[in-house]
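Written below as structure tokens is the structure these notes are about.
The values are calculated or read from the model by the stated rules, or taken from the named source; none is laboratory data. Since we're looking at a predicted model, the values are computed, not measured. Backbone-built Cβ (ideal geometry, glycine too); neighbour counts: all protein chains shown. Protein only, heavy atoms only, side chains kept; ligands, DNA and RNA dropped before computing areas. Shrake-Rupley method; radii C 1.70, N 1.55, O 1.52, S 1.80 Å.
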Amino acid sequence: MTFDPQTIYANLAEKEKIKGHHSAEGRAVRTFSRALTGWSAGNLSVLDVLVVCEQGMEDWLKARLNIKPWSSRGLPELLGKAIDKELVGRLDAVRLHKLHLARVRLLDFSGGVTRQDVEQALEFCIRVVEKHW
């Protein structure tokens, strides 16, 4: 299956109209929509998209777990609590942790992540959040 940002964006825009944008899910999906738009326009780098994906997931999990938005807890720490509250399954948590590691790897070593990896990460983050919308 090919990455089709226009279709994904249209789907997200439609859901936002129907379900609103004030919920934690709506805010996360809006963040991912911006990443999707920036990526497809060539305005965001691989690292930019991974950072936005991780930050969007962190913000969503903090909201759903009733943790203050300014808390310094990162994605790896939040994933354990999210599993306990059944916000994400174990396999999803493993994949989200891999997203975190890919971002760290890029910051440290500037490489190893492909366009396809980024597109899959973005689609995956959207799907995880959409399950709860």
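Which one is farthest from VAL51 (Cα to Cα) among residues in the stretch 76-116 that are in a helix (DSSP H, G or I) and touching a residue at least 60 places away in the same chain (Cβ under 8 Å)?
If we take residues in the stretch 76-116 being in a helix (DSSP H, G or I) and touching a residue at least 60 places away in the same chain (Cβ under 8 Å), then GLN116 is farthest from VAL51 (Cα to Cα).
What do you reckon, is LEU36 open to solvent by 40 Å² or more (accessible area, probe 1.4 Å), farther than 17 Å from LYS131 by Cβ and either part of a helix (DSSP H, G or I) or in contact with a strand residue (DSSP E or B) (Cβ under 6 Å, 6 or more places away or on another chain) (or both)?
No.
Residues to consider are GLU123, GLU86; find the one that is at positive phi and among the acidic types (Asp, Glu).
When all the criteria are applied, what remains is GLU86.
Look at GLU58 and say whether it is charged (D, E, K, R) and in contact with a Gly (Cβ under 7 Å, 6 or more places away or on another chain).
The answer is yes for GLU58.
What number of residues within the stretch 45-95 are of a type in the set (Phe, Trp, Tyr) and loosely packed, with under 14 Cβ neighbours inside 10 Å?
Summing the residues that are of a type in the set (Phe, Trp, Tyr) and loosely packed, with under 14 Cβ neighbours inside 10 Å in the stretch 45-95 gives 1.
What is the number of the single condition among (1) out of contact with any Cys (no Cβ under 9 Å at 6 or more places or on another chain); (2) closer than 20 Å to ILE8 by Cβ; (3) modelled with pLDDT under 90; (4) open to solvent by less than 70 Å² (accessible area, probe 1.4 Å) that ARG27 does not meet?
Going through (1) out of contact with any Cys (no Cβ under 9 Å at 6 or more places or on another chain); (2) closer than 20 Å to ILE8 by Cβ; (3) modelled with pLDDT under 90; (4) open to solvent by less than 70 Å² (accessible area, probe 1.4 Å) one by one, ARG27 breaks only (4).
Does LEU12 qualify as being modelled with pLDDT of 90 or more, crowded, with 16+ Cβ neighbours inside 10 Å and either at positive phi or touching a helix residue (DSSP H, G or I) at 6+ places or on another chain (Cβ under 7 Å) (or both)?
no
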